[in-house]
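**Q** Please read through the structure below; I'll follow up with questions.
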Amino acid sequence: MHRPITPESSRMQREIRDFRGTRRSVVLATVDGQGLPDASYAPCLDDAQGNVYIFVSALAPHTRNLLADARVSVLFIEDEGETANVFARRRLTLECSATPIAREHPDWVGVLDGMTARLGELMGTLRHLADFQLFRLTPRCATYVRGFGQAFRFEGEGLMQVSRVGPDRQPPEPAA
């Protein structure tokens with residue numbers, strides 16, 4: 001059973017938003033046509049609703065995988081150089097559904113402009129390449145690990161239902 005939003009879980013939502021804001025790329029896990037996993041990465045942009053946008057080449061296996069199967073897992077992870085212990089890196093995993101965004105879609109220009117501002121001028125060149133595809137990755141649930149014994153699951157509308165991962169599944173602890 002999920003607990004209601006508490007001040008602690010609201011602080012954790014802000015902590016996750018801030019953490020995501022420091023990452024400019026995500027690790028992608030997709031599935032190919034034979035059901036085999038494919039790990040890769042892509043530069044990304046978040047929006048205020050918690051979606052993740054990636055702009056990827058059709059030459060990359062992950063793009064073909066996303067067009068054939070919308071299921072994708074994305075990982076935001078703390079850099080090894082930023083952590084005191086490599087076993088306890090902060091990380092956020094989002095289980096998402098991928099939606100291709102056509103160049104004619106009203107959101108396409110705004111998202112690409114945002115990516116250019118966040119990721120640099122190379123986006124100005126890439127946006128004109130016909131093989132590049134924009135995807136919106138919409139989270140269905142998430143797991144946030146902030147250290148040893150500090151794992152939390154986010155589910156429900158807006159990922160607002162928070163529970164602790166583990167045998168006792170207690171409400172979230174205050175952010176350190």
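The values are calculated or read from the model by the stated rules, or taken from the named source; none is laboratory data. Every value quoted in this text rests on a predicted model; they were computed, and no experiment measured them. Cβ: placed from backbone, ideal geometry, glycine included. Neighbour counts: every protein chain shown. We work out accessible area using only protein heavy atoms, side chains counted, and drop any ligands, DNA or RNA first. Shrake-Rupley method; radii C 1.70, N 1.55, O 1.52, S 1.80 Å.
**Q** Which Cα, out of Leu66, Ser25, Phe154, lies furthest along the positive dipole direction of the chain (beta carbon charges, K/R +1, D/E -1)?
**A** Toward the positive end, the furthest listed residue is Phe154.
**Q** Then there is this: Taking the Cα centre of the chain as origin, sum charge times position over the Cβ atoms of Lys and Arg (+1) and Asp and Glu (-1), and report the length of that vector in debye to the nearest 20.
**A** Roughly 320 debye for the chain.
**Q** Tell me the accessible surface of Asp32 in square angstrom (1.4 angstrom probe, heavy atoms of protein chains only), to the nearest ten.
**A** Accessible area of Asp32: about 50 Å².
**Q** Sorted from largest down, give the three principal axis spans of the alpha carbons of the chain, whole angstrom values.
**A** Taking max minus min along each principal axis of the Cα atoms, the chain gives 50, 37, 34 Å.
**Q** Further, regarding this structure: So if we plug the beta-carbon distance of Arg14 and Leu67 into 1/(1 + (r/R0)^6) with R0 = 22 Å, what FRET efficiency do we get, rounded to 0.05? Don't skip to the answer; put the middle values down first.
**A** Details: r = 35 Å, r/R0 = 1.57.
Rounded to the nearest 0.05, the efficiency is 0.05.
**Q** To the nearest 500 deg cm²/dmol, what mean residue ellipticity at 222 nm is calculated for the chain from DSSP H runs of n ≥ 4 alone, each contributing -39,500 (n - 2.57), summed and divided by the residues? Display every interim value, and only then the final one.
**A** Values: 4 runs with 42 residues, N = 176.
Computed mean residue ellipticity for the chain: -7000 deg cm²/dmol.
**Q** Next question. Once every Cα of the range 30-97 carries one equal point scatterer and solvent is ignored, give the base-10 log of I(q)/I(0) from the Debye formula at q = 0.15, 0.23 Å⁻¹, two decimals.
**A** Once normalised to I(0) and log-transformed, intensities are -0.58, -1.06.
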